[in-house]
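A.B. asks: Right, I'll just put the structure down here and ask away after.
Every number in this text was worked out from the coordinates using simple rules, so none of it is lab data. Remember, it's a predicted structure, so these values are computed and weren't measured experimentally. When we count neighbours, we look across all protein chains shown, and the Cβ atoms used for this are built from the backbone with ideal geometry, even at glycine.
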Amino acid sequence: MDMPPPRELPVSPADNVPDYAVSEIAGAIKRTLKDAFGRVRVRGEITELKRYPSGHVYLSLKDETAKLEAVVWKTNVPRLAIRPENGVEVIATGRIDTYADRSKYQLVIDRLDYAGEGALLARIERLRARLLEEGLFDPERKRPIPLLPRVIGVVTSERGAVIQDIRTTVARRFPRRILLWPVPVQGAGAAEQIAAAIEGFGALPPDGPVPRPDVLIVARGGGSLEDLMAFNEEIVVRAAAACPIPLISAVGHETDTTLIDFASDRRAPTPTAAAEMAVPQRADLLADVAQHEARLRHAMQAALERSRRHLMVAERGLPDLPGILGGLRQRMEDRAERLDLALPVALDRKRGALGRLAPRLPHPREGIANRRAALAALYGRAEVGAQRVLARGRTEKAFVCFSPAPMRALLRENAVRLEGVGARLGSVSYQAVLARGFALVQDAEGATVTAAADVPGGGRLTLTFADGRVGATADGTAKPPNGRRRSDGRDSAGQGALL
């Protein structure tokens, strides 16, 4: 190891070993590690993963017997091919460096790769089990694909053969409008862009300037397991499960399976098969329409034939309507002729009966004369009865009932008596009492209040005076003067009775 020349420090007489500063030793160790190792690749399992607000990622790599601390600076985090997670076996590429403040060494990582296909499958299986437990892969979440979508959305690369296969298949089967959201399908940041494309299609308004697709295809061509890892990322799987548009996944070849296949509504073995699922075959639709048309025509003809037979059977059972109408018409004409002859005969009969009854009817003048005679007899009998009463010593008032002049005098006498009784009644009424300065107190329900103790503090009252009513609010119960109490045990304010 190359050591820097020691500083000129005083040498102890008992020891000729030179003294070094701490920073000098730390710098020498750092240079030695860099020169000895340079750029290295380390295989291990990620543990103690921490992401700091500054953007740096700190972690440790471990195996059965040792552990190595590592760091990924924030400038290298977006360039990583995989997303670091605890428990994943990776191959980290970087350089060995030291952290002098804590006297430790660490691996500064600038690249991360999965440690073989087994590590990838283990990570995928752990994620699949966790999402399955959350219910993201339940069959009840699957939605049907529309029969004939107006717009088809495609999330894939614009440079690959996938989009060309989808366009060709759709144009051949049933031409529909295709909206492409170009995204990278592998590499750093591919998963985030694929998830953003799925969410972007789902966020489009149904009637906006850019039409919202009726079905969505997420596709890419074949590749290795590492190439398809973007479609195994949790962010992509959750975006597919939450997409409001029915989604068809077509990732890789028929034997390839990714986690997005479990979250999608339909899984297609190839992008071409996904396009075939999205739109029906025009010829098949036309043949189906023609078959339905033939079946409808046959059913209509059969129904018409059955109705015709029923009508013929019903016609045989109907009576002779023209004959029935002819008989009814003849009867009506006969009745009309008899009616014309019956009216004059009935009038002559009634006129004869009236002529026989007329001589027996008395004249109105005779009836009036009879009534006048009966009234005069009754009046004479009344005068005779009155004279008999006077002869027996009765008062003169008895005659007022039989003569108009005494009757008017009796009415005047009764009117005078009535006025006297009314004046006496008015003098003792409560209106006269109110006119003398008293008031009638009523609560909010209209009940009469006769004691101060019955009035709660703040209660609404109505005071009735001789000329009208006013509202009032009680401040509280006042103590009665001189401590007097009512006979019923309550305090009395000393006011006299109203009546």
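A.B. asks: Can you tell me the order of 144-156, 62-74 when each peptide is scored by its average per-residue count of other Cβ atoms within 10 angstrom, highest first?
C.D. replies: Packing order, densest peptide first, comes out as 144-156, 62-74.
A.B. asks: What ³J(HN,Hα) values, in whole Hz, does the Karplus curve 6.51 cos²θ - 1.76 cosθ + 1.60 give for the stretch 189-205 when θ = phi - 60°, with x put for Gly and Pro?
C.D. replies: x, 5, 4, 4, 6, 5, 5, 5, 5, 4, 5, x, 5, x, 7, 5, x
A.B. asks: For Arg111, which sequence-distant residues (separation of 5 or more, or a different chain) have an amide H within less than 5 Å of its own amide H, given hydrogens modelled in the peptide plane?
C.D. replies: HN-HN under 5 Å from Arg111: Thr93.
A.B. asks: What area, in nm² and to one decimal, does the C-alpha convex hull of the stretch 13-72 cast on average over all directions?
C.D. replies: 7.3 nm²
A.B. asks: How high is the FRET efficiency between Leu121 and Val289 when r is their beta carbon distance and R₀ equals 41 Å, given to the nearest 0.05?
C.D. replies: It comes to 0.25.
A.B. asks: Separate question: Treat the stretch 90-147 as a sphere of radius equal to its Kirkwood radius over Cα pairs and apply Stokes-Einstein at 4 °C in a medium of 1.567 mPa s; give the translational diffusion coefficient in µm²/s, rounded to a whole number.
C.D. replies: Estimated via Stokes-Einstein, D reaches 84 µm²/s.
A.B. asks: Quick one: order Ile245, Ile324 by neighbouring beta-carbon count within 10 Å, fewest to most.
C.D. replies: Placing the least packed residue first, the sequence is Ile324, Ile245.
A.B. asks: Then there's this: Tell me, what ³J(HN,Hα) does each residue in the stretch 252-262 have, in order and in whole Hz, if you take phi through Karplus 6.51 cos²θ - 1.76 cosθ + 1.60 with θ = phi - 60° and put x for Gly and Pro?
C.D. replies: Karplus-based 3J(HN,Hα) across the stretch 252-262 equals x, 8, 4, 7, 7, 9, 10, 5, 5, 5, 6 Hz.
A.B. asks: Whose amide H sits under 5 Å from the amide H of Val151, counting only residues 5 or more places off or on another chain, with H placed in the peptide plane?
C.D. replies: Asp214, Val215
A.B. asks: While we're here: Run the simple label-point estimate for Arg436 and Arg372 please: 7 Å along Cα→C-beta, distance reported in nm.
C.D. replies: About 6.4 nm separates the two model spin labels.
A.B. asks: About the Cα centre of the stretch 149-280, how large is the charge dipole given +1 on each Lys and Arg Cβ and -1 on each Asp and Glu Cβ? Please answer in debye to the nearest 20.
C.D. replies: My answer is approximately 620 debye.
A.B. asks: Which of the listed residues, Gln106, Val77, Ala26, is farthest toward the dipole's positive end in the stretch 7-114, when Lys, Arg count +1 and Asp, Glu count -1 at the beta-carbon?
C.D. replies: Val77
A.B. asks: Let's see if you can work this out: charge +1 on each Lys and Arg Cβ, -1 on each Asp and Glu Cβ, no other charges. What is the dipole magnitude of the stretch 22-115 about its Cα centre, in debye to the nearest 20?
C.D. replies: 300 debye
A.B. asks: In a Debye calculation with equal point scatterers on the alpha-carbon sites of the stretch 149-280 and no solvent, what is log10 I(q)/I(0) at q = 0.09, 0.14, 0.21, 0.23 Å⁻¹?
C.D. replies: Results for the stretch 149-280 at q = 0.09, 0.14, 0.21, 0.23 Å⁻¹ read -0.21, -0.52, -1.25, -1.52.
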